[in-house]
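The values are calculated or read from the model by the stated rules, or taken from the named source; none is laboratory data. The structure displayed is predicted, hence computed values, not measured ones. Cβ sites come from the backbone with ideal geometry, for glycine too, and all protein chains shown count toward neighbours. Ligands, DNA and RNA are excluded from the accessible area calculation, which covers all protein heavy atoms including side chains. Shrake-Rupley method; radii C 1.70, N 1.55, O 1.52, S 1.80 Å.
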Amino acid sequence: MDTDLKSAISAFLSNCEDHQLFQLTSFYMERLEQAIEQGVEEVNFMLTHDHHFNEREYHSVTELAEKGNRAGASKLLLDLVMEKGSGARKVMWESFVKLHHHLPKLSRILDEIRERDVRRKHMETLRAQTETLRVNKILMREKVKVFQLVDRYAELTVISTVRDRTLVEHELRARGRDHEKWKEKGLRGKLEKIRTDQLFKKSLNIEKLKRSIFRNKSGMSAAVAGVPGIGKTTMVQKIVYDWATGKIYQQFQFVFSFKFRDLNSINCRINLKELILHQYPYFGNILGEVWKHSGGLLFIFDGLDEFKDKINFADGRRDTESPYTDPEIKCNVSDIVYCLIQGKLLPGCSVLVNTRPTALQLLEKANFSVWAEILGFIE
């Protein structure tokens, strides 16, 4: 753990511009004053050894510490460093990495910084993965055309309920003007139209939330249904892209997105940690810290109807017998999905699942806070 932290922070510091390091030190200034009180002499020595403090500055800090005024000594040291150039700040932070295992408050700060750096990398990765849209062009010479997602994305009409499955299946046969007629008729009636960035608002379906007994107050789960070709997968891509660019759902520290068709290739027992690291290897050993803040996690599973393993939410024995409450316990992928949705694994996290209406019967007994359906594209 210490080796991983040292290498991660060292890499972060080496990539930090002068102004970023200045901002970082300013941001943590008050906490650092307390965090380094017991190690102020060591930091003072390292800064002097590297010729960033002169003899007078060194003795000023040392004198305060020897008189028992460690708070004053750490404050003076930090003030002096902020008056110096970026070299002094880098040496100071490098000394923090060497001393952190003796200073618990300092260790927590470094863990936060590492997590922030991983979050930045994760957002950059997801943005790069979702910023383009690949479209099949049957009638054109190119088999696949690539567009910018923001240029081609069409907003969807989403309602905050899922209607009777037989009604939905009947409407699957409607096409063209008939399809538009029933959609307009429904929206003029009792159906409530919502935006995709509202799926995890606590005010939505509040009665359902009150009846949700498995999830804690910070976690929500949403099921979105839609007919084939209506834009479910592209909707998920847009949600991930908008989160990665800071536009929506910033209450979530991390978003993890999976496709059920990809999960079908996993034919062995696996744990959630391995599942994430396979797709996002840069998380390394930071996942232990990520799990501690499960209320800031959103898991997205795209295309339940394509999943080869059927998840039986109606089996009551699974709630009492399932041992998969630890993200490092190996189990079937279906168990991971089940336990995340039911709030048994990482309680407090949020989950989004989309599916065709034909698979809705699999979810009837699932513990979803919000049910939604895609009716079509907006005008």
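When you scan region 21-34, do you find a residue that is without any contact (Cβ under 8 Å) to a residue 12 or more places away in the chain and hydrophobic (A, V, I, L, M, F, W, C), even just one? Yes: one or more hits. Just to be sure I understand, how many residues within region 213-232 are more than 20 Å from GLY303 (Cβ to Cβ) and either surrounded by 18 or more Cβ atoms within 10 Å (Cβ to Cβ) or modelled with pLDDT of 85 or more (or both)? The number of residues fulfilling the criteria is 3. Among the criteria (1) surrounded by 14 or more Cβ atoms within 10 Å (Cβ to Cβ); (2) assigned to a helix (DSSP H, G or I), the one PHE53 does not fulfil is (2). Condition (residue is at pLDDT 95 or above, open to solvent by less than 70 Å² (accessible area, probe 1.4 Å), in a helix (DSSP H, G or I) and among the β-branched types (Val, Ile, Thr)) applied to region 59-69: is it met by at least one residue? Yes, region 59-69 contains at least one residue that is at pLDDT 95 or above, open to solvent by less than 70 Å² (accessible area, probe 1.4 Å), in a helix (DSSP H, G or I) and among the β-branched types (Val, Ile, Thr). Residues in region 346-357 that are under 16 Å from GLY231 (Cα atoms) and either open to solvent by 10 Å² or more (accessible area, probe 1.4 Å) or not in a strand (DSSP E or B) (or both): ARG356, PRO357.
For region 122-134, which positions are surrounded by 13 or more Cβ atoms within 10 Å (Cβ to Cβ) and not hydroxyl-bearing (Ser, Thr, Tyr)? Let's see the steps before the verdict.
Step one: list which residues in region 122-134 are surrounded by 13 or more Cβ atoms within 10 Å (Cβ to Cβ), which gives 122-123, 125-127, 129-133.
Within region 122-134, HIS122, MET123, LEU126, ARG127, GLN129, GLU131, LEU133 qualify.
It is to be established whether one or more residues within region 86-103 are surrounded by 20 or more Cβ atoms within 10 Å (Cβ to Cβ), in contact with a Ser or Thr (Cβ under 7 Å, 6 or more places away or on another chain) and farther than 28 Å from LEU277 by Cβ. Scanning region 86-103 turns up at least one residue that is surrounded by 20 or more Cβ atoms within 10 Å (Cβ to Cβ), in contact with a Ser or Thr (Cβ under 7 Å, 6 or more places away or on another chain) and farther than 28 Å from LEU277 by Cβ.
As a summary of the residue check, THR62 satisfies the conditions (1) touching a helix residue (DSSP H, G or I) at 6+ places or on another chain (Cβ under 6 Å); (2) more than 22 Å from LEU287 (Cα to Cα); (3) hydroxyl-bearing (Ser, Thr, Tyr) except for the one numbered (1).
The residue pairs whose first member lies in region 147-161 and is over 15 Å from ILE239 (Cα atoms) and touching a residue at least 40 places away in the same chain (Cβ under 8 Å), whose second member is surrounded by fewer than 16 Cβ atoms within 10 Å (Cβ to Cβ) and not aliphatic (A, V, I, L, M), and whose beta carbons are closer than 7 Å, counting only pairs six or more residues apart or on different chains, are ILE159/GLU192; ILE159/LYS193; SER160/GLU192. Residues in region 304-333 that are modelled with pLDDT of 90 or more and either assigned to a loop (DSSP other than H, G, I, E, B) or over 26 Å from the mean Cα position of the chain (by Cα) (or both): PHE307, LYS308, ASP309, ASP326, PRO327, GLU328, ILE329, LYS330, ASN332.
Figure legend. Inter-residue proximity from region 37-51: first residues of a type in the set (Asp, Glu), second residues open to solvent by less than 40 Å² (accessible area, probe 1.4 Å) and in a helix (DSSP H, G or I), beta-carbon distance below 7 Å, spacing 6+ or different chains. Indicated pairs: GLU37/SER74; GLU41/THR62; GLU41/ALA65; GLU42/SER95; GLU42/LEU99; ASP50/VAL91.
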